[in-house]
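Colleague: Input: one structure, supplied below.
Read the figures in this text as sums done on the coordinates, not as results from a lab. All of these numbers come straight from a predicted model, not from anything done at the bench. With ideal geometry, Cβ positions are generated from the backbone for all residues, glycine too; neighbour counts draw on all protein chains shown.
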Amino acid sequence: MKQIKRRSKTSKIAKEVSEAKRIKRRVRVEFLSSGSTTLNLALSGKGPEGGWARGRVDNIVGDGSSGKTLLALELAFWCFKYIKKIISRIYPKVKKIIIVYYNAEGVMDFDLEKMYGKDFVKAVKWNPVKNPRIVEHVGRDYIRRFNNLKKGQFLLAIIDSWDALIPVASMKRLEKSIESDKEIEGSYHLEKQKYASGIFFPAICGDMEENKKDSTLIIVSQVRTKIGKTFGKKTYRAGGKALDFYTHQVAWLREIERMAKTKLKEKRVYSIRCAVKVERSKVAKPFRESEFTILYDYGLDNLNSQIDYLWGKKKISFNGKKFKTRAKFINYIEKNNLEEKLAKKTEKKWLKVERAFEKEVEKRKKRH
């Protein structure tokens, strides 16, 4: 009997090991939290464990007031604070964090120290190239860092924005035009597209797909308007086919409301509500939409975003308690460390809707 018991235990362990290996093979991508549960759900179909695709190229698209730069900063801050604590089934445990921010636009108006702390600001490598506006300079620096990445090292790189980058050849033609006081000659935009599709993305995306490097690249893009467009989509994102082909997630942002309060008899805007539409996703169902709130001098307001999704303007009822105001509810959540429980409630509602659609598909006749 003892031998049978031992064999049974061994068989059980072998089965568990086999299941663990099967699960590990199945996991092809993991996520980095955006800092907002509602945004995570739209991006990946997951709440606290979802967000931006890790080890991939992700694209944030929006106009000047939609919060695209702040989303990039929020991701960088989340990685700086939490990535070493994450247990990955794909990548080795992170021992060293490398965060690089290529600020091609040359503008950063946020009070970074106040929002994220001095340690974060010191840790990020801001504009580590001679000219962050030259696409070849940025490309070479990132590819070099990508290729030199060792086991246990995590690299997050942010290009803000792709539109502000120009090729060396275009810069030279611009300088020549200024000196001669004549129009710029040649194909002004195609050189950047050729560099992106022929050199930059092919150099990194193969290893990314195979999860060989723990490196995530976030590309920020500006919204552009098609002049004279009378039907169809009136806005587009610059960058050519390369961004269409090599990105794993493309999130389009827009501002939907400016929130104002009156303090000391003066009314001022203190936050904005933004909407996101995920127009491309290789890791979850595409075309999912959600909303999130940005609080000035703070960043993503995850709690208010979830309140809007769960209750809207209805009275808040949570954990067997009722709350008269949002402020009291937020204070209750933060005081009792119930952020995770609230996030699970938000995720449950989202997945319930997704499951309703899945049931419609299950009713159809099987094709195999």
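Colleague: Below 15 angstrom from the Cβ of residue 129, what's the summed charge of the other residues (Lys, Arg +1; Asp, Glu -1)?
Modeller: Numbers: positive: 125, 130, 133, 140, 144, 145; negative: 105, 136, 141, 160.
Combined, the nearby Lys, Arg, Asp and Glu give +2.
Colleague: Let me ask something else. Filter 93/363; 84/285; 81/213; 68/118; 282/341 down to the pairs with a C-alpha to C-alpha distance above 32 Å, please.
Modeller: Numbers: 93/363 43 Å; 84/285 28 Å; 81/213 20 Å; 68/118 22 Å; 282/341 28 Å.
Those over the limit are 93/363.
Colleague: Would you mind putting 105-111, 67-73, 263-269, 121-127 in packing order, based on average other-beta-carbon counts within 10 Å, highest first? Spell out each step's value before the answer.
Modeller: Numbers: 105-111: 11.6, 67-73: 23.7, 263-269: 7.7, 121-127: 14.3.
Ranked by mean Cβ neighbours within 10 Å, highest first: 67-73, 121-127, 105-111, 263-269.
Colleague: For a test of the definition: using alpha carbon positions, the gyration tensor, and the 1.5 limit on a/c, classify the range 250-368 as rounded, prolate or oblate.
Modeller: Details: a/c = 2.75, a/b = 1.60, b/c = 1.72.
It is oblate, given that a/c is not under 1.5 and a/b is not larger than b/c.
Colleague: Once you list every other residue whose beta carbon is under 14 Å from the beta carbon of residue 208, what net charge do they have if Lys and Arg are +1 and Asp and Glu are -1?
Modeller: On the way: positive: 28, 54, 56, 145, 212, 213, 282; negative: 30, 58, 207, 209, 210, 214.
Residues close to residue 208 contribute a combined charge of +1.
Colleague: Which cross-chain or sequence-distant (5 or more) residues have an amide H under 5 Å from the amide H of residue 104, H modelled 1.01 Å from N in plane?
Modeller: When sequence neighbours closer than 5 places are left aside, the close amide H contacts are 160, 161.
Colleague: Next question, about the same structure. Sort the following peptides by mean Cβ neighbour count (other Cβ atoms within 10 Å, averaged over residues), highest first: 253-261, 75-83. Before the final figure, lay out the partial values.
Modeller: Values: 253-261: 13.7, 75-83: 19.6.
Averaged packing, sorted descending, gives the order 75-83, 253-261.
Colleague: Please enumerate, by chain and number, the aspartates and glutamates with C-alpha under 19 Å from the C-alpha of residue 352, excluding those fewer than 8 residues away in the same chain.
Modeller: Cross-link targets: 49, 289, 291, 308, 340, 360, 362.
Colleague: Further question: Taking the Cβ of residue 313 as the center, what net charge do the other residues with Cβ under 14 Å away carry, scoring Lys and Arg +1 and Asp and Glu -1? Don't skip to the end; give the middle numbers.
Modeller: On the way: positive: 273, 314, 315, 324, 326; negative: 257, 291, 308.
Charge balance in the 14 Å sphere: +2.
Colleague: Now for a different question. Show me 289-302, 29-42 ranked by packing, highest mean number of other Cβ atoms within 10 Å first. If you can, show how the numbers build up before the last one.
Modeller: On the way: 289-302: 19.4, 29-42: 25.6.
Sorting 289-302, 29-42 by mean packing, highest first, produces 29-42, 289-302.
Colleague: Check cross-link reach from residue 114 to the aspartates and glutamates: straight Cα distance under 16 Å, and skip same-chain residues fewer than eight apart.
Modeller: Within the straight-line limit of under 16 Å, residue 114 reaches these aspartates and glutamates: 74, 297, 301.
Colleague: Among the aspartates and glutamates, which fall within straight-line cross-link reach of residue 130, defined as a Cα-Cα distance under 17 Å, with same-chain neighbours fewer than 8 residues apart omitted?
Modeller: 105, 141, 160
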